[in-house]
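The values are calculated or read from the model by the stated rules, or taken from the named source; none is laboratory data. The structure displayed is predicted, hence computed values, not measured ones. Virtual Cβ from ideal backbone geometry, glycine too; neighbours counted across all protein chains shown. The accessibility values were calculated without ligands, DNA or RNA, using every heavy atom of the protein model including side chains. Shrake-Rupley method; radii C 1.70, N 1.55, O 1.52, S 1.80 Å.
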Amino acid sequence: MKNRLKVLRAERDWSQAELALQLDVSRQAVNAIETGKHDPSLPLAFRISRLFEMPIEEIFHDENT
């Protein structure tokens, strides 16, 4: 699954650690999601969506689209 998390984080000038703190996950988890090595759980995807005030579909999308 591809995502725009790194771009959205950079637009706000947040470090991975700052984003991780806001999402209550580790910095390593943020890195793994940003690099596509790990897909977030549904509850985490909802937290990300709320934090960035965007629908989940605008942040995460299928690699084939």
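A compact table of results
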{"quantity": "Single residue of the range 1-18 satisfying the filter (closer than 14 Å to Ala45 by Cβ and at pLDDT 95 or above) that is most open to solvent (accessible area, probe 1.4 Å)", "calculated": "Arg4"}
{"quantity": "Pairs with Cβ under 9 Å, 6+ apart, first in the range 29-53 and closer than 20 Å to Glu18 by Cβ and charged (D, E, K, R), second assigned to a loop (DSSP other than H, G, I, E, B) and open to solvent by less than 70 Å² (accessible area, probe 1.4 Å)", "calculated": "Arg47/Val25; Arg47/Pro40"}
